[in-house]
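Peer 1: Just dropping this structure here.
The values are calculated or read from the model by the stated rules, or taken from the named source; none is laboratory data. Everything quoted here is computed from the prediction, not taken from an experiment. In this analysis, Cβ positions are derived from the backbone assuming ideal geometry, glycine residues included, and neighbour counts consider all displayed protein chains. Side chains included, ligands, DNA and RNA excluded: accessible areas come from the protein's heavy atoms. Shrake-Rupley method; radii C 1.70, N 1.55, O 1.52, S 1.80 Å.
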Amino acid sequence: GRRPDLLRAEALARAASDQVSIAVAERRPRASLVGLVQESVDGDWRGYDDAQIGVQVSLPVFDGSIRRRRVDQARLAQRRSTLEVEQAGLRIATEIEQSHGAVSTSRARLAVAEQGEQEAVESLRIETARYHAGESTISDLLDADAAYWGAVTDRLQAGYDLVTSRARLLHATGE
């Protein structure tokens with residue numbers, strides 16, 4: 001899929017290009033084929049058929065440069081639309097690049113958080129064994145337990161950040 005904002009900008013640019021074509025066409029001579037067919041009846045109930053056909057040519061000569069200004073305005077609008085398409089493309093490319101970076105950073109943070117959680121599990125296991133052996137206090141055991149739960153929270157937050165950064169990448173790429 002493509003990004004709706006880019007599709008919109010491209011559609012507006014095509015419309016602006018069409019407006020230039022229309023404005024240019026208004027400056028050209030115009031030829032029209034005209035025709036008329038009629039049937040009429042006189043007072044004696046006699047019918048008459050009448051037909052006319054012709055070519056009508058219209059040439060814009062003196063319009064106070066209105067048509068030329070319309071062309072200039074249409075070209076300016078077309079240039080503006082083209083720049084908006086380019087700007088949208090650059091903005092999307094930047095979003096994609098930043099999203100890739102965020103995914104990489106989130107993966108690295110998750111790996112560090114998982115390692116920290118493993119270390120906290122081991123530390124809690126050691127403190128529990130020391131406490132049961134009478135070598136440490138309940139305060140030491142509670143500190144290790146708090147560190148473990150802090151490490152779990154960090155891992156969960158890092159996992160959440162990875163999921164959201166992936167979602168942002170999918171949005172940036174239009175998927």
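Peer 1: For the chain, modelled as a GNM with alpha-carbon contacts under 10 angstrom, which of Asp145, Asp154, Asp63 fluctuates the most?
Peer 2: Asp63
Peer 1: When the accessible area of the chain is split by element with a 1.4 Å probe, what percent falls to carbon and sulfur?
Peer 2: 55
Peer 1: Right, another one. Tell me which trypsin sites (Lys or Arg not before Pro) from segment 39-119 have a DSSP coil assignment and no more than 12 other beta carbons within 10 Å of their own.
Peer 2: Working: sites: Arg46, Arg67, Arg68, Arg69, Arg70, Arg75, Arg79, Arg80, Arg91, Arg107, Arg109; in loops: Arg46.
Sites meeting the loop and neighbour criteria: Arg46.
Peer 1: Return the sequence-ordered ³J(HN,Hα) values of segment 32-48 in whole Hz as given by the Karplus equation 6.51 cos²θ - 1.76 cosθ + 1.60 applied to θ = phi - 60°, using x for Gly and Pro.
Peer 2: The phi angles translate into 10, 9, 10, x, 8, 10, 8, 10, 10, 10, 8, x, 8, 6, 9, x, 10 Hz.
Peer 1: Can you give me the Rg/Rh ratio for the chain, using Cα atoms for both radii and the Kirkwood formula for Rh?
Peer 2: That ratio is 1.59, to two decimals.
Peer 1: Using the alpha-carbon centroid of each, what span in Å lies between segment 113-175 and segment 20-79?
Peer 2: About 80 Å separates the Cα centre of segment 113-175 from the one of segment 20-79.
Peer 1: Based on alpha-carbon atoms only, what is the radius of gyration of segment 1-63 relative to the globular estimate 2.2 N^0.38 Å?
Peer 2: Taking N as the residue count of segment 1-63, the ratio is 2.24.
Peer 1: Counting only heavy atoms of protein chains, what accessible area per residue, in Å², does the chain have with a probe of 1.4 Å? Spell out each step's value before the answer.
Peer 2: Working: 12750 Å² over 175 residues.
On a per-residue basis, the chain sits at 73 Å².
Peer 1: Moving on to the next point. Mind giving me the nanometre distance, one decimal, between the label points for Arg2 and Leu156, set 7 Å out from Cα along Cα→Cβ?
Peer 2: Between Arg2 and Leu156, the label points sit 4.3 nm apart.
Peer 1: Using a Gaussian network model on the chain with a 10 Å cutoff between Cα atoms, which of Ala146, Ala108, Ala77 fluctuates the most?
Peer 2: Among Ala146, Ala108, Ala77, the largest GNM mean-square fluctuation belongs to Ala146.
Peer 1: Among Val112, Val57, Val121, whose mean-square fluctuation peaks in a Gaussian network model of the chain (Cα, cutoff 10 Å)?
Peer 2: So, out of Val112, Val57, Val121, the one fluctuating most is Val57.
Peer 1: In whole Hz and in residue order, list the ³J(HN,Hα) couplings for segment 69-81 that follow from phi through the Karplus curve 6.51 cos²θ - 1.76 cosθ + 1.60, θ = phi - 60°; x for Gly and Pro.
Peer 2: 5, 4, 5, 4, 5, 5, 5, 5, 5, 5, 5, 4, 5
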